[in-house]
Amino acid sequence: MNIKKTRRDLHGVLLLDKPQSMTSNDALQKVKWLFNAKKAGHTGALDPLATGMLPICFGEATKFSQYLLDSDKRYRVIAKLGERTDTSDADGQIICTKPVKVTGSQINQALTHFRGNILQVPTMFSALKYQGKPLYQYARQGIVVEREARPITVYENQFIQFDAIKNELTLEIHCSKGTYIRTIIDDLGELLGCGAHVIYLRRLQVSNYPIENMVTLEQLQNIELKDDLLMPVDSPLQDRPKVTLSDTQGKDILLGRTIELESSTQVETLVRIYQGKQFIGAGIMQNNKLSSKRLISTSWYVHTF
């Protein structure tokens, strides 16, 4: 007789170091199984080729995963110059080969076009939806859908190394949400006149989460006290202003009421809200008024970040 295992309530954020050749969803399901968790979700997919930080939210933390989707990211990328692929990475088919006749100074000059506020046309091999279907499904059928350029910000695009023998360029990129590193590399290759594609991609950081707190699937399988690895439920909001309320104010917010505060802000601001020491959710503050946006369940207690 098969007895179905009862999954447990679990709340917090795990910083998974996603392995190569695994989809983000497969990694999520593996972690969810290892923790025997009832509810879990990831915070922005990494390509199978990519490794690195993939925050996994459990339970109440899933309510705030969107703020990690919207956060800045940092990557280490190695590009192969001289070859362009249909997916802009090593998982695709080579569609063009050209000789590489570039110098480090030429690369540095070209990189200036990929810093600051720029417009980027998303790759066809992305999960962006068109008429209800992700673009990559059209791409696999040989269908090209017109895409609008979207504004992104590249805070840093640091030249690390250029191996002229292997034609491999290493960069470190700190960017805003919605940035496709593959597209930066493809566009850079076209600007240099030789083509390029990603052969290595590692996400180093999401938001302000510490790199040293990442854990691999192999490590997870050998750790008994896995729950100790979880970051607090409020950690997806760690870079947002903190508002601490009295018990009365907290009860009003939890009842969906807008309250007035002594402090004020002219610009509409997303804040993290605490009733005393207890985190109770995210809110919107404008002028001296605070209203709730997403609240935790009041049936359990979470520790502050």
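Miscellaneous remarks
- Here each label is just a point 7 Å from Cα along the line to Cβ, and for residue 208 and residue 161 those points are 3.1 nm apart.
- Value of relative contact order over segment 167-305, rounded to a whole percent, pairs C-alpha under 8 Å and six or more apart: 18 percent
- For residue 293, the aspartates and glutamates whose Cα comes closer than 18 Å to its Cα, not counting residues fewer than 8 places off in the same chain, are 60, 70, 234, 239, 252, 260, 268.
- Convex hull volume per residue in cubic angstrom - Cα atoms of segment 119-192: 112 Å³
- Partners for residue 18 among aspartates and glutamates (Cα-Cα distance below 12 Å; same-chain residues under 8 apart left out): 26, 47, 218
- Overall, the anisotropy analysis places segment 164-288 in the oblate class: the square-rooted eigenvalues a ≥ b ≥ c of its C-alpha gyration tensor yield a/c not less than 1.5, with a/b not exceeding b/c.
- Surface analysis of the chain yields an accessible area of 52 Å² per residue, using protein heavy atoms and a 1.4 Å probe.
- Rg ratio (alpha-carbon, reference 2.2 N^0.38 Å) - segment 227-305: 1.06
- Excluding same-chain neighbours fewer than eight residues apart, the lysines reachable from residue 289 by a Cα-Cα span under 27 Å are 63, 242, 251, 277.
- Only protein heavy atoms count here; under a 1.4 Å probe, residue 96 has an accessible surface of about 50 Å².
- Surface share of carbon and sulfur [accessible, 1.4 angstrom probe, percent] for the chain: 46 percent
- Neighbourhood net charge (15 Å Cβ-Cβ; Lys/Arg +1, Asp/Glu -1) for residue 68: +4
- Across the chain, the relative contact order, built from alpha-carbon pairs under 8 Å that are at least six residues apart, equals 20 percent.
The values are calculated or read from the model by the stated rules, or taken from the named source; none is laboratory data. What you see is a predicted model, and the numbers here were worked out from it, not measured in a lab. All Cβ positions, glycine included, derive from the backbone under ideal geometry; neighbour counts span all protein chains shown. All accessible areas refer to the heavy atoms of the entire protein, side chains included, with ligands and DNA or RNA removed. Shrake-Rupley method; radii C 1.70, N 1.55, O 1.52, S 1.80 Å.
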